[in-house]
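> Right, I'll just put the structure down here and ask away after.
Nothing in this text is a laboratory measurement; each read-out follows from the coordinates by a stated rule. What you are looking at is a predicted structure, and each value in this text was computed from that prediction instead of being measured. Virtual Cβ from ideal backbone geometry, glycine too; neighbours counted across all protein chains shown.
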Amino acid sequence: MKIFLIGFMGSGKTHWGRQLSEKLGLPFFDLDEQIVNAEGRSINEVFAEKGEEYFRESEKQTLSIITESHESFVMACGGGTPCYFNNIEYMNRSGITVWINTSPDTLFHRLVKEKTHRPLLRELTDDQLHQFIAKKYADRRIYYEQATVTVDESQECLEQFVEKIFHA
């Protein structure tokens, strides 16, 4: 069983992924962490030194390597992962995709505290961040909506989360 958690940055993919993998007894992979380990540098450094296109290629390759080399896992994907190179279709063919749907206002309140750790956000004022989230969320929603299952993050506990995945 391969479970891919998708959604906007700050939606809780890593949080839910760790809990889900523990409950199901499956390995957990954070796609961004895997890229950091492979590159030997932070996502911020990869973006700064190599650019977003290089990062997206690396992301696609890492996604494929993990998916093809493991029978079962829970993976927290990057916020943009489903939006490039037909990754959403690849993940849907390979396993269950779960969109953790989090409201733009909730995302703003979470991300405003984390701006310096996020390469796409660190230079933005709070007003710009709010606009950025609204625009990116709208742009990415078409990909997120292709998920096998949609979970409203703000109203779920782990048991409800698992129930929704397996009884959608």
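> Counting other Cβ atoms within 10 Å, keep those with at most 14, restrict to DSSP loop, and tell me which trypsin sites (Lys or Arg not before Pro) in the stretch 59-153 are left.
113, 122
> Here are some pairs, 13/60; 23/113; 2/164; 60/164; 2/135; 50/113; which of them have Cα atoms lying more than 20 Å apart in this structure?
23/113; 60/164; 2/135; 50/113
> Now for a separate question. With r defined as the distance between the Cβ atoms of residue 53 and residue 117 and R0 fixed at 22 Å, what FRET efficiency is calculated, to the nearest 0.05?
The pair residue 53/residue 117 has a calculated efficiency of 0.55.
> I'd like the distance between the alpha-carbon centres of the stretch 20-80 and the stretch 102-168, rounded to an integer number of Å.
Distance between centres, Cα-based: 18 Å.
> Please give the contour-minus-distance gain from residue 71 to residue 139: 0.36 nm per residue of separation, less the Cα-Cα distance, rounded to one decimal in nm.
Contour length minus the Cα-Cα distance gives 21.3 nm.
> State the percent of C-alpha pairs, over all pairs in the chain, separated by a distance greater than 27 angstrom.
20 percent
> How far apart, in nm, are the 7 Å Cα→Cβ label points at residue 157 and residue 127?
Result: 4.3 nm between the two label points.
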